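Below is one structure, written out as structure tokens; comments come after it.
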Amino acid sequence: MITECTLGEAMIASLARTIEDGTLVFHGYGSPLVQLAMQLAKRTHAPNMVLVAGATYGVDPDPPFLAPTSNDWVVDRGAACSLDIEELFDLGGAGRLDRMFLSGLQIDGWGNCNVTLLGEPEALRLKLPGGGGGCNLSCDVGAVTLWTTAHRAAHGRFRLVDRCAFVTSLGQRTADGVPRAALGHRGGGPDRLVTELGVFDFAADGHARLVGTWPDTDVDLVRASTGFDLIVADRLAELPLPDADAVRILRELDPLAIRQRELRAGDRQRTFALRSAR
Amino acid sequence: MTVYTSPDKRTDLDGLVEHVRDRAVVAVGGGLSSREPMAALRALIRAGRRDLVVVGSAHGIDIDLLCGAGAVAETRESYVGFEQDFGMAPNYRRACESGAVRVRDSCCYTVVQQLRAAIQGVPFLPLRSVRGTDFLVLNPDYKTITCPFTGEELLAVPALAPDVAILHAQYGDARGNLRIEGPPVADLLFARASKKVLATVEEVVTTEELHARGGVTVPYLYVTALAEVPLGAHPTACYPHYAYDRPYTAAYLDAAAAGGDAFRGHLDRFVHVDHATYLARIGGEETRHRLASWKDGTEAWMALYGEVS
């Protein structure tokens, strides 16, 4: 009997809750939590979601297990059909893509993300791998779920920052505060940010707002790890956890526990008792 | 832009890379851990090609190796890394951070539109996206324009016709028709947009056999030359022939992260040798059998992704 879930499984369930049934949803590569969130949603509350997998562009794949690389035949197994790379991005450009998921080494209060570089373009302190198609899709896709497994400030360095060193993907406003609506982009931008410390929505002015914490985190911990001004919702909720059935599905989908690799070592041991078992 | 009509384009790896000049804009096929033309890239390094400009979408060991060998002057890739598997690309990082490689990162749809402009023979194509991000700072050749029909502000991105696309396919025929099985990533766009297409294939077969296998993916008229190179994508996957070689990749990354003599040792052992020697050094038939074992079922396939000791 499953009586508890890991932090990773709880985060996956939170990501999955941002998916509506009957919508077209895409994940990029290098994000096991999101791959599993989409598969979980498809198997529970969103059976009619069109699931497009990043790197392969397979539609509704049913992989026998999750691999640590996204452009692999194993994660494309069972796909009903496949899109071309241009077809996927055209779906975004034309306003047919409803949701995708983005992350960043830095994320600011408007939901701008940086996965490109630290320092100046001519004097780099750190070259990050880059954003794939995230820049284009952050502008075009109907709604964006943001996530990070590295919210907790380490060595005095924030990941949730006042300003990104480079804006790879666009949030609710530009780094200078210009609302995205003024740029004429199709998409509505980020509406959720799921971290290992809590979950944010985005208020009417476009700024991230803490709406819930995990059973072992609180507002003070979130504030201490947040480099932008922390806005907290009037009613702060303890975040809902997955049910035992959802946890079982996740463990079957990911027998190699690739989902744990996305978490920092200290967060891999965090577990929460499920409601039914309390 | 020309078309290639020779009835027999078969050559070897050395003959293939003669078509690439220093400073060429190179589109590397495949993506992440699959179907990257690694044998051709090693041949390019052996031939001493340098100052290459690499363009593409999602890459890993291919671009990292070229950077580690000092062959790259500029990157216009969207992503170079090893996902949640091994993380960042050490040689790529080092080359970008030292200034040896100029960073002009791009984004997948931007690259797609630039390639499509070249394919269509128009000087640019518009995009709605990108405005509001810092890609305009990295790429001053993007221009904001006003749509003459609607008055909307859009971004114009210039046509991109790579000097050469280097692809690895499962099958090809002597004339240069290619059959790619599984996700083609950007290979078809690269083939149509590039001035030359150089291909390695697992097997050269007859045109009839290509058709029997499901048909042509890249028509021969785009293809300049091809070489039959079994395991030509190793250590990336080329299904159905072989899966991704995770232990080799882990060892590569250890050498790449250490840099210096450790990485020079890797180059001496695996790059500055002919392909037959390479195949022997990666473990010969034993490795070929191990990487083909994904066909034996889910347990065998999963075992290929187990922890690297």
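List of remarks:
- In the condition set (1) more than 7 Å from every other protein chain (Cβ to nearest Cβ); (2) at pLDDT 95 or above; (3) within 18 Å of the chain's Cα centre (by Cα), B:G121 is compliant with all but (3).
- Selection of region A:20-51 for residues being among the β-branched types (V, I, T) and buried (at least 24 other Cβ atoms within 10 Å of the Cβ) yields A:V25, A:V34.
- A:R248 vs. criteria at pLDDT 95 or above, basic (K, R) and surrounded by 15 or more Cβ atoms within 10 Å (Cβ to Cβ): no
- As a summary of the residue check, A:L91 satisfies the conditions (1) more than 9 Å from chain B (Cβ to nearest Cβ); (2) buried (at least 21 other Cβ atoms within 10 Å of the Cβ); (3) in contact with a Leu (Cβ under 6 Å, 6 or more places away or on another chain) except for the one numbered (2).
- Matching residues, region B:127-146, being at the interface with chain A (Cβ under 10 Å from one of its Cβ atoms) and within 21 Å of A:E86 (Cβ to Cβ): B:L127, B:R128, B:S129, B:V130, B:R131, B:T133, B:F135
- Filtered residues of region A:252-278 (kept if without any contact (Cβ under 8 Å) to a residue 12 or more places away in the chain and of a type outside the set (D, E)): A:A257, A:A265, A:G266, A:Q269, A:R278
- Screening A:N114 against (1) buried (at least 24 other Cβ atoms within 10 Å of the Cβ); (2) within 15 Å of the chain's Cα centre (by Cα); (3) more than 10 Å from chain B (Cβ to nearest Cβ) leaves a single unmet condition, (3).
Each row is one residue, and each column tells you yes or no for (1) in a helix (DSSP H, G or I); (2) out of contact with any Phe, Trp or Tyr (no Cβ under 9 Å at 6 or more places or on another chain).
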site: A:L15; (1), (2): yes, no
site: A:L36; (1), (2): yes, yes
site: A:P47; (1), (2): no, yes
site: A:V52; (1), (2): no, no
site: A:D62; (1), (2): no, yes
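- Of the residues making up region A:60-82, not a single one is buried (at least 24 other Cβ atoms within 10 Å of the Cβ) and touching a His at 6+ places or on another chain (Cβ under 7 Å).
- Among residues of region B:182-219 being surrounded by fewer than 18 Cβ atoms within 10 Å (Cβ to Cβ) and within 19 Å of the chain's Cα centre (by Cα), the one that is nearest to B:P230 (Cα to Cα) is B:E203.
- Search result, residues across region B:172-193 that are under 12 Å from B:R35 (Cα atoms) and not in a loop (DSSP other than H, G, I, E, B): B:D187
- Test: residue in region B:227-250 that is over 29 Å from B:R94 (Cα atoms), surrounded by 18 or more Cβ atoms within 10 Å (Cβ to Cβ), assigned by TED's automatic domain parsing to the domain that holds B:L13 and of a type in the set (A, V, I, L, M): yes
- Of the helices (runs of 4 or more DSSP H) contained entirely in region B:208-309, those carrying at least 2 residues that are within 14 Å of chain A (Cβ to nearest Cβ) fall at B:246-258, B:284-292, B:298-303.
- Residue pairs meeting the criteria (Cβ under 6 Å; at least 6 apart or on separate chains; first in the same structural domain as B:Y242 (by TED's automatic domain parsing), in region B:271-300; second among the polar types (S, T, N, Q) and assigned to a helix (DSSP H, G or I)): B:A300/B:S293
- Condition met for A:A154 (more than 15 Å from the chain's Cα centre (by Cα) and within 12 Å of chain B (Cβ to nearest Cβ)): no
- Residues considered: B:G81, B:G70, B:G15. Of these, the only one that is in contact with a Pro (Cβ under 9 Å, 6 or more places away or on another chain), in the same structural domain as B:H272 (by TED's automatic domain parsing) and touching a residue at least 12 places away in the same chain (Cβ under 8 Å) is B:G81.
- Among the conditions (1) surrounded by fewer than 15 Cβ atoms within 10 Å (Cβ to Cβ); (2) in a helix (DSSP H, G or I); (3) among the hydrophobic types (A, V, I, L, M, F, W, C), the only one that A:A233 does not satisfy is (2).
- Qualifying residue in region B:185-202 (condition: within 14 Å of chain A (Cβ to nearest Cβ) and of a type in the set (F, W, Y)): yes
- Hits in region A:78-104 - residues which are in contact with a strand residue (DSSP E or B) (Cβ under 6 Å, 6 or more places away or on another chain), among the hydrophobic types (A, V, I, L, M, F, W, C) and in a loop (DSSP other than H, G, I, E, B): A:A79, A:A80, A:L97
- Hits in region B:80-115 - residues which are facing chain A (nearest Cβ under 7 Å) and among the basic types (K, R): B:R93
The values are calculated or read from the model by the stated rules, or taken from the named source; none is laboratory data. Since we're looking at a predicted model, the values are computed, not measured. As a convention, Cβ positions derive from the backbone with ideal geometry for all residues, glycine included, and neighbour counts pool all protein chains shown.
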